[in-house]
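Worksheet: the structure to be examined is printed underneath.
The values are calculated or read from the model by the stated rules, or taken from the named source; none is laboratory data. Because the structure is predicted, anything quoted here is derived from the model rather than measured. So basically every Cβ, Gly included, is an ideal-geometry build from the backbone, and we count neighbours across all protein chains shown. Each accessible area value is taken on the protein alone, full model and side chains, heavy atoms only, with ligands, DNA and RNA left out. Shrake-Rupley method; radii C 1.70, N 1.55, O 1.52, S 1.80 Å.
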Amino acid sequence: MRDIFARLHGTIRKHGQQQQTVRLRNAWVNVDPRDWKTRDDMTINVGLGTGGKAQQFAQVMALANVQKELVIGGRVNMVGDRELYNTAVELTRIMGHKNPDRFFNDPTAVDPQTGQLLHPSPMSPSPPPDPRLLALQAKAQADQLAVAHRAQVEQQKAQADAIHQKLKAEAEIELAKIKAELDAQIKVFDAHLKAATEAQKSVRALVPGSRKARDGHHYVPDPKRPGKFLMVVHHV
C-alpha cells in the first residue's frame, strides 16, 4: 500500500496538467499538481485495521475521555478544536458513517472567497486563576477587614470615652449643686444656732432678782438663808 500511494503521488505530480478543485478538510480548495515539489522522503500511513470496531471504538473513547479531562483542567494548549474534531471524525468513521460533516463542523474549514474560518471558535475560556494570586487577594481582603475592624473599634472606643466624659462632667456639676445647697443649708443652720445661743444668753441674764458677780455667774438671794445667795445654773 505504501508503494502504491508513493507511485500514485509521483504519477499525479508528473502527468498532472491542470488545476483541480477538491474537498480537503471540509473545504473546497484549488490543487495544482504542477506546483507540487519532489517529495520522495515522505511518510505514508496505512490503517492496519487491527481489532474489531468495538475495540477501536473503546480505544477512541478512551482518548476522548483523556481529552475531556484536559479541557476541564484548562489544558487547552494540549487539546484544541482540531484534535477534538479528529476524535469525533474517527468515532463517526468507526460507526460506519462516511460523511462526518453531517454531525460535526471542521474548525479549520475556510471560506474560499473570504479566507475566513467557516466555523470560528468562540472565545476560549479563561485559564483558571493562579492560586498564589488568589492567596494574595485573600490576604489583602483580610488585611482590609482587619483595618476596618480596628477603625470601628477605635471609633466605638472614642464614642464611649466621649459619653463617659459627658456623664462625668454632668455628675460633677450635679455634685457641685448638691454641695452648694448643703453649704447654704449649713450656713442657715449655723445662723439659727448662733441666734439661739445669743437668745439663751439673754435669757440667762434676765432671771428675776439675779445679779452678776465678778466670777461671771449670776446669783439670787437664798430665801431660806438670809444673807446667802444661790448661783443661777441654766440647763440647755
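Right, LYS98: assigned to a helix (DSSP H, G or I) and of a type in the set (D, E, K, R) or not?
no
Would you please list the contacts, defined by Cβ atoms under 8 Å and residues six or more apart or on different chains, that run from a residue in region 73-96 that is without any contact (Cβ under 8 Å) to a residue 24 or more places away in the chain and over 16 Å from ALA62 (Cβ atoms) to a residue that is of a type in the set (D, E, K, R) and open to solvent by less than 80 Å² (accessible area, probe 1.4 Å)?
What qualifies is TYR85/ASP106.
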